[in-house]
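As structure tokens, the structure follows; a few thoughts come after it.
The values are calculated or read from the model by the stated rules, or taken from the named source; none is laboratory data. Quantities reported herein were computed from a predicted structural model and do not represent experimental measurements. Here the Cβ positions follow ideal geometry from the backbone for every residue, glycine too, while neighbour counts run over all protein chains shown.
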Amino acid sequence: MIESDWSDWLVRDVSNASPDGVAIWYLGCNGFICKGSDGSTIYIDPYLGLGDPPRTIRMIPVPFDPADVDEADAVLATHEHTDHVHGPSQAPILENTGATLFAPDDSIAVARENENWTSEWDVTDDQLSEVTEGDTLEVGGFTIRVEEAYDPDATHPVSYVIEHEAGTFFHGGDTKPTDEFERIGTEYDIDLAALAFGTVGQIPDKETREPKRTRWYNDENQIIECADALQCDRLLPSHWDMWKGLTADPTVLHHHARSFAHPDRLEIVEIGDRVDL
């Protein structure tokens, strides 16, 4: 059972919100909640686990207990890594709300086969829905486009373009730069893009536990390369707060972004913060 450092205040904040357009809460790591003006609520990559100490050590609070979530229409996963597909974090949301997990094939395999969501929780098989690049989903007032991503550490990553009459939110998962972003930036009018940012660190190898030079996320130049290609108005750096040894200071990105056409603005947020489209 997951215990939150913050009790249920964040879940209640989301539940009580009545946004004029779209409200987006940052959950730390690469997790987000999107709530539209019609009340439709989407969770993206919510992760409430503690990592695998001493290899991966969580550096931020656990913002809520998933058992407290009683309003959700969908959970999106970008790829199969534990901090993006995690039964104890996500299956209780599906169990409590009847929401559907939308995710690429290897992520669905984790839920079905590795973690047995349908037997460990009251989750039905039809709540686990496979998506792939080019798919379009309709969730309340949201239209969700499944798009390309490039994460060499994942077996099948995707990104999501989440469209609403109030604006468009891009969630890249743990993607690094890819030529596809120029097409995506031309095809969509992206108001806000969330992209993973971090440093290089010495992280114990998963099997040998020996320290290994590790780069999981975009550095300062890569994240601005992504944002410029996507032609996003606002860039929200994510994931920089999560793992000991890979944390970063997102405020330095002002210097890296200054001479580029995009992003127009940086959204520097901390866990629990809300931004609006």
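Filter the range 108-139 down to the residues that are among the acidic types (D, E) and touching a strand residue (DSSP E or B) at 6+ places or on another chain (Cβ under 6 Å), then identify the one that is farthest from D83 (Cα to Cα).
D135
Surrounded by fewer than 24 Cβ atoms within 10 Å (Cβ to Cβ), over 16 Å from the mean Cα position of the chain (by Cα) and at pLDDT below 95: does that describe M59?
On the way: surrounded by fewer than 24 Cβ atoms within 10 Å (Cβ to Cβ): yes; over 16 Å from the mean Cα position of the chain (by Cα): yes; at pLDDT below 95: no.
Judged against the criteria, M59 is not a match.
Could you list, ordered by first residue, the pairs with Cβ atoms under 7 Å in which the first is in the range 226-253 and touching a residue at least 40 places away in the same chain (Cβ under 8 Å) and of a type in the set (S, T, N, Q) and the second is surrounded by 19 or more Cβ atoms within 10 Å (Cβ to Cβ) and assigned to a helix (DSSP H, G or I), at least 6 apart or interchain?
Filtered contacts from the range 226-253: Q231/G185.
Which of the following residues is surrounded by fewer than 24 Cβ atoms within 10 Å (Cβ to Cβ), within 16 Å of H84 (Cα to Cα) and of a type in the set (A, V, I, L, M, F, W, C): A154, A196, A166?
Numbers: A196 fails: surrounded by fewer than 24 Cβ atoms within 10 Å (Cβ to Cβ); A166 fails: within 16 Å of H84 (Cα to Cα).
None of the other options fit; the residue is A154.
I'd like the full set of residues that are among the acidic types (D, E) and touching a Pro at 6+ places or on another chain (Cβ under 8 Å), limited to the range 185-226. Give the derivation first.
So the first thing to find is which residues in the range 185-226 are among the acidic types (D, E), and the list is 187, 189, 191, 205, 207, 210, 219-220, 225.
D205, E210, E225, listed by residue number.
Can you tell me which residues in the range 66-76 are of a type outside the set (V, I, T), assigned to a loop (DSSP other than H, G, I, E, B), touching a residue at least 40 places away in the same chain (Cβ under 8 Å) and buried (at least 18 other Cβ atoms within 10 Å of the Cβ)? Lay out the reasoning, then the answer.
Step one: list which residues in the range 66-76 are of a type outside the set (V, I, T), which gives 66-68, 70-74, 76.
If we keep only those that are assigned to a loop (DSSP other than H, G, I, E, B) as well, we get 70-73.
Okay, now just the ones that are also touching a residue at least 40 places away in the same chain (Cβ under 8 Å), so 70-71, 73.
D73 - this is the single residue of the range 66-76 that is of a type outside the set (V, I, T), assigned to a loop (DSSP other than H, G, I, E, B), touching a residue at least 40 places away in the same chain (Cβ under 8 Å) and buried (at least 18 other Cβ atoms within 10 Å of the Cβ).
Return the residue satisfying two criteria in turn: it lies in the range 243-262 and is over 15 Å from V200 (Cβ atoms) and surrounded by 12 or more Cβ atoms within 10 Å (Cβ to Cβ), and of such residues it is farthest from the chain's Cα centre (by Cα).
Filtering the range 243-262 down to residues over 15 Å from V200 (Cβ atoms) leaves 250-251, 253-262.
Narrowing the set further to residues that are surrounded by 12 or more Cβ atoms within 10 Å (Cβ to Cβ) leaves 250, 253, 256-257, 260, 262.
Numbers: P250: 17, L253: 20, H256: 23, A257: 22, F260: 25, H262: 21 Å.
Filtering the range 243-262 for residues that are over 15 Å from V200 (Cβ atoms) and surrounded by 12 or more Cβ atoms within 10 Å (Cβ to Cβ), the one farthest from the chain's Cα centre (by Cα) comes out as F260.
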